[in-house]
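A short worksheet on the structure shown next.
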Amino acid sequence: MKALAYLGLTRTFTVNQLILLISIYFVAVFNFTFVRGSLTAIVSLETYNPFFLLSVPLLLLALVVLLFSLLSLVFVKSVFKPLLITLVLLSSMVFYADVTYGVVFDYGMIQNAFESHTAEALSYLNIYIMLFLLVFAIFPALWLLKVKVNHQPWGREVGQRFKLVILSVSAIAVIAYGFYPNYAAVGRNNSALKKHLIPFQYLSSSYKYINRNYLSEPLVFKILDESPQQLPVLPREKNVTVMVVGETARAKSFAYNGYEKNTNPYTEKLQLLSFANMHSCGTATAVSVPCMFSALPREDFSKRKAQSQQNLLDLARLAGVDVLWLDNNSGCQGVCKRVNNKRIKPDESHALCDGDYCFDEILLEPLTEKLARLEQPSTLIVLHMIGSHGPTYYRRYPKEHALFLPDCRRSDIQNCSQQALINTYDNTIAYTDFVLAKIIKQLTLLPRDIKANLLYVSDHGESLGEKGSYLHGFPYALAPKEQKHIPMLWWQADKQVLAEKSCWQQLSKQAYDHDNIFHSMLGLLNIASSTYNQALDIFSGCRTDLRLTKISGRDGWW
Ligand SMILES: [Zn+2]
């Protein structure tokens, strides 16, 4: 009984008291990162007003009280308590991601959360997160469920709530009046801090996402080029281009880019060209994948816009290229919607799969099948890997491929030693290298009249504890370089093409990003299109095999 009284379960709260208590909990616990960051930023100023310092948690409290007060007016009494419980549960998960991985739930992350499949979400489950959620989510939620609330008649409740709204708005106004210039200055220099505001950040991002994707009128599908043309290949000659879309591979961990461990032991003798200065379009799959296949440059990119216009695969198919997308990841993000595609099922009965995931070697089976039956003069096969997807890096490679030991065989990666974590990640890179070597081996076995080439490019990078950051998905402008600097490799069968070594070496040192992929792929596929921009085609500078054919009425393509 004493314990119950201590927990407040023997007394009855008014709705106003409940709102105040929950708001204090939100400010003190879930906004820990925001409050700590703000206070640190203020005390590091040369001079600061101590009242300004004190006003930060008070302002936040007033904002949270205002939010809950308004919600209590919108939602009827039977819904309000479940709504608070839901917000506590969601906020605790967002808070966990924030304090453990430094991940914030802005628009890009919300998009990623909505569009990733459940196996990915489940891969975060571990004892650590369960204990965390027990303390910060389950106990408070149970308390909310059990506590008695005295609901007054509707009219009186509105009056009570009105008082709380007036109180919080007055507090906000007084603080704004007293410290506006201070807030403006600190806010401008620390704009990233607002992304840690819980629940404001994830609620507004979710609203934006739902509004954009479910409530807005779909855009009219835009035809960028109604007649892209496949330039003629030599008689009896066929082309096959394999594009491997990597997952979460960062440039820094590739031996090709100067990494001290040999993470590329399988392809090192295969004469691949590594582009060491390549950057991604986004820091999450849901942005980078559609972006690299889109004609839209990064600055102008939006997924909605990209989805409502032709992409690289649409143009290739229209030009007569046989396009096939094979997916061992969470899907093609809408990119392969209008071309042949196959998603690998993680069937437990297969030696390479465990029911949730398959190792990337699984892609070799449908690839072999396709290569045995190349029907069109030109074929494009896109292999979408699961690559180095975290946090369960150890599930990306078979045990016998653990080249670097000890590795970290758990999902709460922050509890592994830095050494083990890096080893595990490096194993995923070496395994990707192994799969790439296998693919190249298959391409070298093709008949001589089939010209093959392979382009490997990652979707985004990964943080592995640098400056306390883990995983990926940070807002682009603020993301650490490890999340944006990605590997890109090119291999092609005809050694003559790489004969002009100095030219290629020169080329591979220049800076590129995902904006180059669309145009470079059109170039590799020999497709003439009004969407093609030679200045952005990485390979055009050194290729001697480009057929500079001019098609009537379409001068100057190449
Ligand atoms: Zn990704």
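Below are the figures for this structure:
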item	result
Any hit, the stretch 335-344, residues being assigned to a helix (DSSP H, G or I), within 16 Å of the ligand (Cβ to nearest atom) and in contact with a helix residue (DSSP H, G or I) (Cβ under 6 Å, 6 or more places away or on another chain)	no
Residue check, Pro228 touching a residue at least 60 places away in the same chain (Cβ under 8 Å), under 30 Å from Leu374 (Cβ atoms) and out of contact with any helix residue (DSSP H, G or I) (no Cβ under 8 Å at 6 or more places or on another chain)	no
Residue check for Tyr266: modelled with pLDDT of 95 or more, under 30 Å from Arg448 (Cβ atoms) and more than 16 Å from the ligand (Cβ to nearest atom)	yes
Subset of the stretch 220-247 (residues that are in a loop (DSSP other than H, G, I, E, B), assigned by TED's automatic domain parsing to the domain that holds Asn341 and either among the β-branched types (Val, Ile, Thr) or within 21 Å of Gly108 (Cβ to Cβ) (or both))	Val233, Glu247
Selection within the stretch 340-380 - among the basic types (Lys, Arg) and either in contact (Cβ under 8 Å) with a residue 12 or more places away in the chain or touching a Pro at 6+ places or on another chain (Cβ under 7 Å) (or both)	Lys342, Arg343, Lys370
Flag if Ser411 is surrounded by fewer than 24 Cβ atoms within 10 Å (Cβ to Cβ), part of a loop (DSSP other than H, G, I, E, B), in contact (Cβ under 8 Å) with a residue 60 or more places away in the chain and away from the ligand (no atom under 16 Å from the Cβ)	yes
Any hit, the stretch 231-249, residues being small (Gly, Ala, Ser), touching a His at 6+ places or on another chain (Cβ under 7 Å) and within 16 Å of the ligand (Cβ to nearest atom)	no
Within the stretch 100-118, tally of residues that are buried (at least 16 other Cβ atoms within 10 Å of the Cβ) and either at pLDDT 90 or above or part of a helix (DSSP H, G or I) (or both)	10
Some residue of the stretch 307-319 being within 20 Å of the chain's Cα centre (by Cα) and within 16 Å of the ligand (Cβ to nearest atom)	no
Filter result for the condition that a residue is within 29 Å of Ile386 (Cβ to Cβ), away from the ligand (no atom under 16 Å from the Cβ), touching a residue at least 12 places away in the same chain (Cβ under 8 Å) and of a type in the set (Phe, Trp, Tyr), over Phe293, Phe275, Phe301, Phe221	Phe275
Residue within the stretch 21-40 that is over 34 Å from the mean Cα position of the chain (by Cα) and within 28 Å of Leu134 (Cβ to Cβ) present	yes
So Ala137, is it at pLDDT below 90, under 23 Å from Phe200 (Cα atoms) and among the aliphatic types (A, V, I, L, M)	no
Unique residue being surrounded by fewer than 18 Cβ atoms within 10 Å (Cβ to Cβ) and either basic (Lys, Arg) or under 24 Å from Phe30 (Cβ atoms) (or both) when the list is Val174, Val165, Val186	Val165
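Residues checked against (1) within 16 Å of Gly246 (Cα to Cα); (2) surrounded by 18 or more Cβ atoms within 10 Å (Cβ to Cβ); (3) modelled with pLDDT under 95; (4) touching a His at 6+ places or on another chain (Cβ under 7 Å):
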{"residue": "Asp322", "(1), (2), (3), (4)": "no, yes, no, no"}
{"residue": "Asn341", "(1), (2), (3), (4)": "no, yes, no, no"}
{"residue": "Lys345", "(1), (2), (3), (4)": "no, no, yes, no"}
{"residue": "Leu352", "(1), (2), (3), (4)": "no, yes, no, no"}
{"residue": "Asp356", "(1), (2), (3), (4)": "no, no, yes, no"}
{"residue": "Pro377", "(1), (2), (3), (4)": "no, yes, yes, no"}
{"residue": "Met385", "(1), (2), (3), (4)": "yes, yes, no, no"}
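The values are calculated or read from the model by the stated rules, or taken from the named source; none is laboratory data. Since the structure is predicted, the reported quantities are computational estimates derived from the model, not experimental observations. In this analysis, Cβ positions are derived from the backbone assuming ideal geometry, glycine residues included, and neighbour counts consider all displayed protein chains.
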